[in-house]
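Take a look at the structure set out below.
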Amino acid sequence: MPELPEVETIAGYLRQGTAGSPGLIGRKAIKVHLLWSRSLERPSEGELQARLPGQVLQSITRRGKFLLLHFNLDTLLFHLRMSGDLVVDGNQANLLTDPQSPITHPQSSHIRFILNFEDGINLVFVDPRKFGRIWLVRDPGEVVGGLGPEPLDPDLTTGKFCQLLNAHRRLIKPLLLDQTFLAGLGNIYTDESLNLARLHPCQPAHLISPAQAEVLLNAIRTILRQAINHRGASIDWVYRGGNFQNHFRAYQRTGKPCLNCGSLIERIVVGQRGTHYCPNCQVIVS
DNA sequence: AGCATTACCCGCACGC
DNA sequence: TGCGTGCGGGTAATGC
């Protein structure tokens with residue numbers, strides 16, 4: 001489920017809770033259940049089990065597409081990759097507490113990790129494709145230290161952004177997808193942002209003018225804020241409740257009219273990723 | 001040689 | 001049934 005808006009939305013759910021589930025802040029961890037060992041990047045399962053229980057959750061933050069659960073001693077990090085999701089379950093404690101039991105959870109066969117808190121509240125990591133990863137570390141910088149700037153951070157000025165862009169000869173789309181360049185954009189929001197900014201996904205980054213860089217950064221921020229307001233997008237069989245998919249400009253709109261100019265959106269492949277753009281108003285400049 | 005960029009590939013579910 | 005596709009990114013391979 002995860003690009004910046006979806007991870008931000010999930011962070012909010014975990015902090016404040018939802019209609020059907022309580023928030024997690026201030027709760028004490030009791031026990032860990034790892035059902036797919038490769039979901040855990042580090043430390044070992046034994047060390048995780050030895051360190052995390054007894055710790056109290058202080059706060060929940062997001063950095064790029066990472067979700068950070070700050071406990072009093074350690075930080076538990078999740079990366080949802082392609083299909084991961086985190087849900088709080090306070091109603092089926094007796095079933096979820098025992099991973100060997102015939103769980104009747106809707107996505108039970110894809111549960112990879114469960115963290116039991118006090119009062120029968122569980123944080124459940126669901127991940128059909130098994131690409132998601134979990135870390136427990138003293139210093140979260142060990143995991144997220146290499147990320148590029150946050151697109152919504154006001155400290156990222158248009159001038160800085162243009163400088164960063166012009167330092168690379170790469171195509172703009174793969175560059176925006178590179179998390180060490182900018183943290184949080186994925187395939188959807190890159191296509192959306194480039195369409196709004198009227199930039200071709202194959203535009204070489206070093207040829208982007210200061211004026212275009214400003215338009216692009218503003219477009220990225222506009223799209224991300226809109227997506228967050230809609231609680232992210234729900235795509236394919238992975239449904240989380242957000243409805244930004246109903247407001248896509250380019251992504252998965254092949255053959256439909258561009259919202260800028262009415263020409264038909266086309267699908268090409270750029271950097272091994274399906275890419276949706278308008279061949280009329282998103283043109284390469286030199 | 002050494003950095004920047006590109007191609008593979010990892011489970012699984014779904015639609016054509 | 002078979003094949004292409006996919007809200008991602010680590011790593012090997014290649015390019016400059």
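Values in this text are rule-based calculations from the coordinates and carry no lab data. What you see is a predicted model, and the numbers here were worked out from it, not measured in a lab. For neighbour counting, all protein chains shown are included, and Cβ atoms are generated from backbone atoms with ideal geometry for every residue, glycine included.
On a 0 to 90 degree scale, rounded to 10, what angle separates helix A:210-229 from the longest Cα axis of chain A?
The helix A:210-229 is inclined about 40 degrees to chain A.
Taking square-rooted eigenvalues a ≥ b ≥ c of the alpha carbon gyration tensor, is the range A:158-277 rounded, prolate or oblate, where a/c under 1.5 means rounded and, failing that, a/b exceeding b/c means prolate? Could the numbers behind the result be given before it?
Details: a/c = 1.67, a/b = 1.43, b/c = 1.16.
Prolate is the answer for the range A:158-277, as a/c is 1.5 or above and a/b outweighs b/c.
What is chain A's relative contact order, in percent, from Cα pairs under 8 angstrom and six or more apart in sequence?
Values: 579 pairs, mean separation 48.6, N = 286.
Relative contact order here is 17 percent.
Helix A:4-16 against the longest principal axis of chain A: what's the angle in degrees, Cα atoms only, rounded to the nearest 10?
With rounding to tens, the tilt is 30 degrees.
Using Cα positions and a limit of under 17 Å, work out the aspartates and glutamates in reach of A:Lys28, with same-chain residues fewer than 8 apart set aside.
A:Asp74, A:Asp89, A:Glu118, A:Asp119
Mind checking the angle between helix A:187-197 and chain A's longest principal axis? C-alpha axes, 0 to 90 degrees, to the nearest 10.
Roughly 30 degrees between the two axes.
So what is the calculated 222 nm ellipticity per residue for chain A, using -39500 (n - 2.57) for each DSSP H run with n of 4 or more, over all residues, to the nearest 500 deg cm²/dmol?
-7500 deg cm²/dmol
Rank the residues A:Thr75, A:Thr190 as a footprinting-exposure proxy: fewest other Cβ atoms within 10 Å of their Cβ go first.
A:Thr75, A:Thr190
Work out how much length A:Ser44 to A:Thr158 would gain on full extension: take 0.36 nm times their residue separation and subtract the Cα-Cα distance, in nm to one decimal.
On the way: separation 114, 0.36 × 114 = 41.04 nm, distance 4.26 nm.
The A:Ser44-A:Thr158 span can extend by a further 36.8 nm.
Could you state the number of Å between the C-alpha centres of the range A:239-286 and the range A:1-35?
31
Counting residues in chain A as N, plug N into 2.2 N^0.38 Å and put the Cα Rg over that result.
Details: Rg = 20.3 Å, N = 286, 2.2 N^0.38 = 18.9 Å.
My calculation over the Cα atoms of chain A gives 1.07.
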